[in-house]
Amino acid sequence: MLNTTYENKVLTVFLSGEIDQHTSKNLRMEIDSQTESLRPETLCLDFDNVKFMDSSGIGLIMGRFRQMSLLGGRMKIVNLPENIKRVVYLSGIQTLGVIK
Amino acid sequence: MNTLNTMEIKFPSKSINEGFARSVVSSFILQLDPTINELTDIKTAVSEAVTNCIVHGYEDNAGIIYIKGEIREDNLIVFKIRDKGKGIPDIKKAMEPLFTTGGEERAGLGFAVMESFMDKVKVSSKEGKGTTVTLYKKIIRTNYEKP
Ligand SMILES: Nc1ncnc2c1ncn2[C@@H]1O[C@H](COP(=O)(O)OP(=O)(O)OP(=O)(O)O)[C@@H](O)[C@H]1O
Ligand SMILES: [Mg+2]
């Protein structure tokens, strides 16, 4: 189960462990079902406890970014660990101004 | 070139085995005492190649994935990741950043990650026969002090 908080129209999702193709499927469904029902102004993805991520995680981030844009909200990414920054920066996501 | 150590595994194309493949590969290279960054680079590249076998090669159907690892002279690590799936019709195009046949949820960055995290990436493929990705990386071994 996903660890989340919702306050002041900000839905924060505390991601953890390894994000790959196997784990991102469930993450996608759970995050989307929460954003669809709560309609937050901001979806905040907290990467503090993420130990590993590959390009499936980039797909997950880009997909949620699109999803939030469709719902008229914003997305941001916080607490990106050093070793995961390298794969994220390869994608150019930082140019969207979502990494805080 | 001298090969100092080798390993081989094969496993079914189930997505749960992406993590399994990463663990095996990191255990194998730990003997070279890589830095955390080197370990992350190699784990990530292997994860990309294995995921591609599952998602694209076998298109989520049952198949077998093969990994061969080698440690060669001068701390050169070589991993071959192979599937007997549908193959890649145009390798050059497939390797372009952002190219994907995987739809909305894929970034099309797997090969870009492999190329940026490894020293060299070789891809050979035959339509209907399968794909082999070979990854090369030299471990600088900054952690290691010569005895
Ligand atoms: N083992 C394979 N068998 C068949 N086709 C492959 C294989 N590996 C890659 N491809 C093809 O190459 C394309 C690009 O692969 P790449 O890993 O760069 O991106 P992706 O897998 O589509 O997306 P991402 O890795 O970002 O989730 C794939 O969309 C697919 O068409
Ligand atoms: Mg891929």
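The values are calculated or read from the model by the stated rules, or taken from the named source; none is laboratory data. Everything quoted here is computed from the prediction, not taken from an experiment. When we count neighbours, we look across all protein chains shown, and the Cβ atoms used for this are built from the backbone with ideal geometry, even at glycine.
Things worth noting here:
- Residues of region B:96-111 satisfying the condition of being buried (at least 16 other Cβ atoms within 10 Å of the Cβ), closer than 22 Å to A:His22 by Cβ and more than 9 Å from ligand 2 (Cβ to nearest atom): B:Glu105
- Set side by side, the residues B:Val46, B:Val113 differ, and just one is within 8 Å of ligand 1 (Cβ to nearest atom) and within 14 Å of the chain's Cα centre (by Cα), which is B:Val113.
- Hits in region A:58-82 (condition: surrounded by 16 or more Cβ atoms within 10 Å (Cβ to Cβ), more than 20 Å from B:Thr51 (Cα to Cα) and within 13 Å of another protein chain (Cβ to nearest Cβ)): A:Arg64, A:Phe65, A:Gln67
- Of the candidates A:Leu90, A:Leu38, the single residue that is modelled with pLDDT of 95 or more and at negative phi is A:Leu38.
Matching residues to (1) of a type in the set (Ser, Thr, Tyr); (2) at negative phi; (3) surrounded by 15 or more Cβ atoms within 10 Å (Cβ to Cβ):
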{"residue": "B:Asn17", "(1), (2), (3)": "no, yes, yes"}
{"residue": "B:Ser26", "(1), (2), (3)": "yes, yes, yes"}
{"residue": "B:Leu30", "(1), (2), (3)": "no, yes, no"}
{"residue": "B:Glu38", "(1), (2), (3)": "no, yes, yes"}
{"residue": "B:Val55", "(1), (2), (3)": "no, yes, yes"}
{"residue": "B:Asp60", "(1), (2), (3)": "no, no, no"}
{"residue": "B:Val78", "(1), (2), (3)": "no, yes, yes"}
{"residue": "B:Val113", "(1), (2), (3)": "no, yes, yes"}
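Quick grid of which residues meet (1) of a type outside the set (Gly, Ala, Ser); (2) assigned to a strand (DSSP E or B); (3) touching a strand residue (DSSP E or B) at 6+ places or on another chain (Cβ under 8 Å); (4) within 10 Å of chain A (Cβ to nearest Cβ):
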| position | (1), (2), (3), (4) |
| --- | --- |
| B:Glu18 | yes, no, no, yes |
| B:Val24 | yes, no, yes, no |
| B:Ile29 | yes, no, yes, no |
| B:Ala45 | no, no, yes, yes |
| B:Thr51 | yes, no, no, yes |
| B:Ala62 | no, no, yes, no |
| B:Tyr66 | yes, yes, yes, no |
| B:Ile88 | yes, no, yes, no |
| B:Lys93 | yes, no, no, no |
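- Selection of region A:25-56 for residues being under 18 Å from A:Val10 (Cα atoms) and free of Cβ contacts under 8 Å to residues at least 24 places away in the same chain yields A:Ser33, A:Ser37.
- Test for A:Asn26: is it within 13 Å of the chain's Cα centre (by Cα) and either under 19 Å from B:Arg106 (Cβ atoms) or not in a strand (DSSP E or B) (or both): yes
- Looking only at region B:48-95, residues that are of a type in the set (Gly, Ala, Ser), in contact (Cβ under 8 Å) with a residue 60 or more places away in the chain and away from ligand 2 (no atom under 15 Å from the Cβ) come to 1 in all.
- For region A:52-76, a tally of residues being out of contact with any Gly (no Cβ under 6 Å at 6 or more places or on another chain) and closer than 25 Å to B:Ile42 by Cβ returns 10.
- Residue within region A:73-83 that is in a helix (DSSP H, G or I), at pLDDT 95 or above and away from ligand 1 (no atom under 16 Å from the Cβ) present: no
- Residue match in region B:123-146 (condition: under 27 Å from B:Glu70 (Cα atoms), within 14 Å of another protein chain (Cβ to nearest Cβ) and away from ligand 2 (no atom under 12 Å from the Cβ)): yes
- When region A:39-54 is limited to residues that are over 18 Å from B:Ser23 (Cα atoms) and crowded, with 19+ Cβ neighbours inside 10 Å, the one that is farthest from ligand 1 (Cβ to nearest atom) turns out to be A:Pro40.
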